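Below is one structure, written out as structure tokens; comments come after it.
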Amino acid sequence: MLTDTLIRKTKPPAKPTKLMDERGLFLLLAPSGGKWWRYRYAFAGKEKLLSLGIYPDVTLRQAREARDDARKLVAKGIDPSAVRRQEKRAVQEAGANTFATVAKEWLENVKPKWAAVYHGDTTTRFETYVFPDIGRTPIADVTAPELLAVLRKIEARGTVETAHKVARACGQVFRYGIATGRCERDPAADLRGALKARPKPQHMAALPATELPAFLRKIEEYEGEVQTKLALRLLALTFVRTNELRGATWAELDLDRAEWTIPAERMKTKAPHHVPLSQQAVAAFRSLQDMNGKWPWVFAGRAPTTPMSKNTVLFALYRMGYHGRMTGHGFRALASTALNEMGYRPDVIERQLAHVERNAVRAAYHRSQYLEERKAMMQQWADHLDVLRTSERKVSGVRSTDTDLTS
């Protein structure tokens, strides 16, 4: 039988040598000085070897305990080598099925169905709040208390709404994990009622129509960057979403035809959106073309290879004195209210706002039949803004003096 003293005193041999213990256990010595525990056993009529670790990381006592455990398996008709392979496979699968791995796979799976901005925001929340804490944990091992700890950190930042969004997204990942066989349950479902109540939804700030003339004059008097001023002007002229504007590329624009086609992947509705451009809008885009025409983005960021920051417009409105009173989205509300008062058909306005039409037949009709009406509406809207900017006339109650627009 071996002893620790004997093992320590044994010098590296000239060739691989075995130091025998008992019951099939031995220590394999290498000329390089390495010492490996091995257990020889017979199973199904064949002689087999099982590795038990390296000395001195695995002591003599630990090696004997491991040998005894293996002997018990053999006595039950179980091959210890097969058990070892299963254990290694389980470890490898756990490593390949961490929460982060499954979440990234899920994000890639839903990417074609989501607007790029929404997908990017969801990805950022995972990378910022979730992956640092539980990203490396096998998804099957994540518990409700561990997930709650992640969400509590978000709540502590004062962003309760974000905590609820993260909880919902994590629940979707767990359900995807269940469907793909990586976990058996969704611990996010156990957290119902554990988070602080969501704040009451607040509508995005928009000015009353009576303040539009003064607001338009402030845009023209804006002393910040010219690009930002043109962005504000184009939001008023086109009333697209802020992200749709700042992400515009020159490839989307045909200024000679006065057309802007926003591709489906950039739209919240996941359908391409056609924006007829007024003469004033074309002029604004041509000014930007003189500035940024050599870059892919219409609104170039600090690094011209990236678009303008999503906060640029909002901060410009702050500087103009409209903090809490107006947002980029507010242009859409203003246009919708005014155009309805000017007598345009609601369906035409809704189509220009790129709101979702759930009826497929009506949606096709909108695309094919409303374009000419929308072209006329966008030009009259631009002319109307010019009149408001140069006069004290109020929007409220104003109706079109042109031919009947409701026919």
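The values are calculated or read from the model by the stated rules, or taken from the named source; none is laboratory data. What you see is a predicted model, and the numbers here were worked out from it, not measured in a lab. Neighbour counts run over all protein chains shown; Cβ positions are idealised from the backbone, glycine included.
I'm trying to understand the selection: among the residues of the range 98-112, which are more than 8 Å from VAL173 (Cβ to Cβ) and surrounded by 20 or more Cβ atoms within 10 Å (Cβ to Cβ)?
Just the residues of the range 98-112 that are more than 8 Å from VAL173 (Cβ to Cβ), to begin with: 98, 100-101, 104-105, 107-112.
Answer for the range 98-112, where residues must be more than 8 Å from VAL173 (Cβ to Cβ) and surrounded by 20 or more Cβ atoms within 10 Å (Cβ to Cβ): just THR98.
From the list ASN109, ASN97, exactly one residue is over 27 Å from MET308 (Cβ atoms), within 14 Å of the chain's Cα centre (by Cα) and among the polar types (S, T, N, Q). Which is it?
On the way: ASN97 fails: within 14 Å of the chain's Cα centre (by Cα).
From the options ASN109, ASN97, the qualifying one is ASN109.
Can you tell me which residue is surrounded by the most Cβ atoms within 10 Å (Cβ to Cβ) among those in the range 150-169 that are among the charged types (D, E, K, R) and more than 23 Å from HIS119 (Cβ to Cβ)? The residue in question is GLU155. Taking residues in the range 99-111 that are assigned to a helix (DSSP H, G or I), and partners anywhere that are surrounded by fewer than 21 Cβ atoms within 10 Å (Cβ to Cβ) and of a type in the set (Lys, Arg), the pairs with Cβ atoms closer than 8 Å and at least 6 places apart or on different chains are PHE99/ARG136; ALA100/ARG136.
I'd like to check something: does the range 392-404 contain any residue that is at pLDDT 85 or above and surrounded by 12 or more Cβ atoms within 10 Å (Cβ to Cβ)? No - not one qualifying residue is present in the range 392-404.
Given the structure, is THR312 at pLDDT below 85, in the same structural domain as GLU221 (by TED's automatic domain parsing) and within 28 Å of GLN379 (Cβ to Cβ)? In short, no.
Residues in the range 246-258 that are farther than 22 Å from THR312 by Cβ and in contact with a Lys or Arg (Cβ under 9 Å, 6 or more places away or on another chain) were compared, and the one that is surrounded by the most Cβ atoms within 10 Å (Cβ to Cβ) is ALA258. Within the range 180-213, if we keep just the residues that are modelled with pLDDT under 90, part of a helix (DSSP H, G or I) and of a type in the set (A, V, I, L, M), the residue that is surrounded by the most Cβ atoms within 10 Å (Cβ to Cβ) turns out to be LEU212. In the range 48-59, the residues that are over 19 Å from VAL83 (Cα atoms) form Cβ pairs under 7 Å with partners that are surrounded by 14 or more Cβ atoms within 10 Å (Cβ to Cβ), at six or more places apart or across chains, as follows: ILE54/LYS35; ILE54/TRP36; TYR55/ILE7; TYR55/LEU27; TYR55/LYS35; TYR55/TRP37; VAL58/TRP37; VAL58/LEU52.
Residue count for the range 7-48, restricted to those that are assigned to a helix (DSSP H, G or I) and within 14 Å of ALA63 (Cβ to Cβ): 1. Residues that are in contact (Cβ under 8 Å) with a residue 12 or more places away in the chain and either exposed (fewer than 13 other Cβ atoms within 10 Å of the Cβ) or within 16 Å of PHE331 (Cβ to Cβ) (or both) within the range 298-307 comprise PHE299, PRO304, listed in sequence order.
So, LYS111, is that one at pLDDT 90 or above and out of contact with any Phe, Trp or Tyr (no Cβ under 6 Å at 6 or more places or on another chain) or not? It is true that LYS111 is at pLDDT 90 or above and out of contact with any Phe, Trp or Tyr (no Cβ under 6 Å at 6 or more places or on another chain). Within the range 124-139, the only residue that satisfies the criterion of being of a type in the set (Ser, Thr, Tyr) and over 13 Å from the mean Cα position of the chain (by Cα) is THR137.
For the range 114-140, a residue qualifies if it is in a loop (DSSP other than H, G, I, E, B) and aliphatic (A, V, I, L, M), and exactly one does: ALA115. Being under 20 Å from MET1 (Cα atoms), assigned to a loop (DSSP other than H, G, I, E, B) and not aliphatic (A, V, I, L, M) is the filter here, so list the residues in the range 49-76 that pass it. TYR55, PRO56, ASP57, THR59 - these are the residues of the range 49-76 that are under 20 Å from MET1 (Cα atoms), assigned to a loop (DSSP other than H, G, I, E, B) and not aliphatic (A, V, I, L, M).
THR124 falls short of the stated requirement of being touching a Phe, Trp or Tyr at 6+ places or on another chain (Cβ under 8 Å) and either under 30 Å from THR269 (Cα atoms) or not hydrophobic (A, V, I, L, M, F, W, C) (or both).
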